[in-house]
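Novice: Structure incoming, see below.
Quick note: the coordinates plus some simple rules give every number you see, no bench work behind them. From a predicted model like this one, the values you see are computed outputs, not experimental measurements. Methodologically, a virtual Cβ is constructed for each residue, glycine included, from the backbone with ideal geometry; neighbour enumeration extends over all protein chains shown.
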Amino acid sequence: MTAAVIDGKAFAAEVRSRVAAGVAGLVAKGITPGLAVVLVGEDPASQVYVRSKGKMTVEVGMNSFEHKLDASVSQDELLALIAQLNADPAVHGILVQLPLPGHLEEAAVINAIDPAKDVDGFHISNVGLLATGQKSMVPCTPLGCLMLLRDRLGDLSGLNAVVVGRSNIVGKPMAQLLLGDSCTVTIAHSRTKDLKEVCKRADILVAAVGRPEMITGDYVKPGATVIDVGINRIERDGKQKLVGDVDYASAAEVAGAITPVPGGVGPMTIACLLANTLTACCRANGLPEPEGLTA
Ligand code: GUN
């Protein structure tokens, strides 16, 4: 069997065009959604992400506010900026690019964001709301994975889902979302016994471990849907290469469908950030939420 390729790049473009349509509807009512991105320091990868976010925010018709702070900014100065953005009615979404320099306390910064504007879904209130099945802001990468899975499989109810990875940003919220869609969910990780056998039971296998090409074809149940969240830069044959947490070549021989790297989950993250900003703006204005763009 050769798996169907799940084209995240094309699907993300479709999500962005649905967001753009929603934004146009709001603009017609005199409301322009606004996303503020805060970048501390000069981390090159973060600068690339932030630039890309700003560009796509403007492309869907939203206002983009970028705040670039020196790496030496104090916790108090950063908290003062967040308080200002929380109070600004033109700002509907706030994202603080992670990681922050070591002297800043990440959890305190994230939890200072107004939960209604927390488009990353990292605030402790949003984590609790998601875990208890209440309306929340949902982390962008897991939301993107869920959209891809629903698009591919329709109703996920009763399927065996295995999430490999237990991070707060991907693994844990991914498991909550799959549980919300009535999957039978296992969270596996680096200490899981018989990981291969656990993965082999999965109808849905989500790999978010951060280990290049660790999940090979012999971890995959025939016909399973494989979602690869990993983005790992490796050197092979003297060249820099981007690979996932899944060994694509061997997994694609067994899976029913699989996301490639690049062009799978990656583009969905920014698309979902824009979707969350639109959702936050609708909620802030007491308007109905956009359809098909939330969990
Ligand atoms: N750094 C890498 N990915 C992310 C993300 O999704 N959100 C934030 N805030 N920072 C990141």
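Novice: Quick check on my filter: what residues within the stretch 132-187 are more than 16 Å from the ligand (Cβ to nearest atom), within 20 Å of E289 (Cβ to Cβ) and β-branched (V, I, T)?
Specialist: Correct list: T132 only.
Novice: If A12 passes every condition in (1) surrounded by 16 or more Cβ atoms within 10 Å (Cβ to Cβ); (2) in contact with an Asp or Glu (Cβ under 9 Å, 6 or more places away or on another chain); (3) not polar (S, T, N, Q) but one, which one does it miss?
Specialist: Unmet condition: (2).
Novice: Tally up the residues in the stretch 43-65 that are β-branched (V, I, T) and within 13 Å of the ligand (Cβ to nearest atom), please.
Specialist: So in the stretch 43-65, the residues β-branched (V, I, T) come out as 48, 50, 57-58, 60.
Then keep just the ones that are within 13 Å of the ligand (Cβ to nearest atom); that gives 48, 50.
The total comes to 2.
Novice: Find the residue count for the stretch 114-130, including only residues that are farther than 14 Å from L273 by Cβ and either touching a Leu at 6+ places or on another chain (Cβ under 7 Å) or not in a helix (DSSP H, G or I) (or both).
Specialist: Within the stretch 114-130, residues that are farther than 14 Å from L273 by Cβ and either touching a Leu at 6+ places or on another chain (Cβ under 7 Å) or not in a helix (DSSP H, G or I) (or both) number 2.
Novice: Pairs please, first residue from the stretch 119-142 and surrounded by 15 or more Cβ atoms within 10 Å (Cβ to Cβ), second anywhere and of a type in the set (F, W, Y), Cβ atoms under 9 Å, 6+ apart in sequence or on different chains.
Specialist: Qualifying pairs under 9 Å: M137/F122; P139/F122.
Novice: Then there is this: Looking at I169, is it assigned to a strand (DSSP E or B) and surrounded by fewer than 23 Cβ atoms within 10 Å (Cβ to Cβ)?
Specialist: No; evaluated as a whole, the condition is false for this residue.
Novice: Could you list all residues from the stretch 213-253 that are over 19 Å from the mean Cα position of the chain (by Cα) and crowded, with 19+ Cβ neighbours inside 10 Å?
Specialist: E213, I215, Y219, V220, K221, A224, D247, Y248, A251, A252
Novice: State which residue is surrounded by the most Cβ atoms within 10 Å (Cβ to Cβ) when the search covers only the stretch 189-201 and only residues that are within 16 Å of D218 (Cα to Cα) and in contact with a helix residue (DSSP H, G or I) (Cβ under 7 Å, 6 or more places away or on another chain).
Specialist: If we take residues in the stretch 189-201 being within 16 Å of D218 (Cα to Cα) and in contact with a helix residue (DSSP H, G or I) (Cβ under 7 Å, 6 or more places away or on another chain), then C199 is surrounded by the most Cβ atoms within 10 Å (Cβ to Cβ).
Every residue, every condition in (1) under 30 Å from S52 (Cα atoms); (2) of a type in the set (S, T, Y), yes or no:
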{"site": "S190", "(1), (2)": "no, yes"}
{"site": "C199", "(1), (2)": "no, no"}
{"site": "E213", "(1), (2)": "yes, no"}
{"site": "V226", "(1), (2)": "yes, no"}
{"site": "I231", "(1), (2)": "yes, no"}
{"site": "L242", "(1), (2)": "yes, no"}
{"site": "A257", "(1), (2)": "yes, no"}
{"site": "G266", "(1), (2)": "yes, no"}
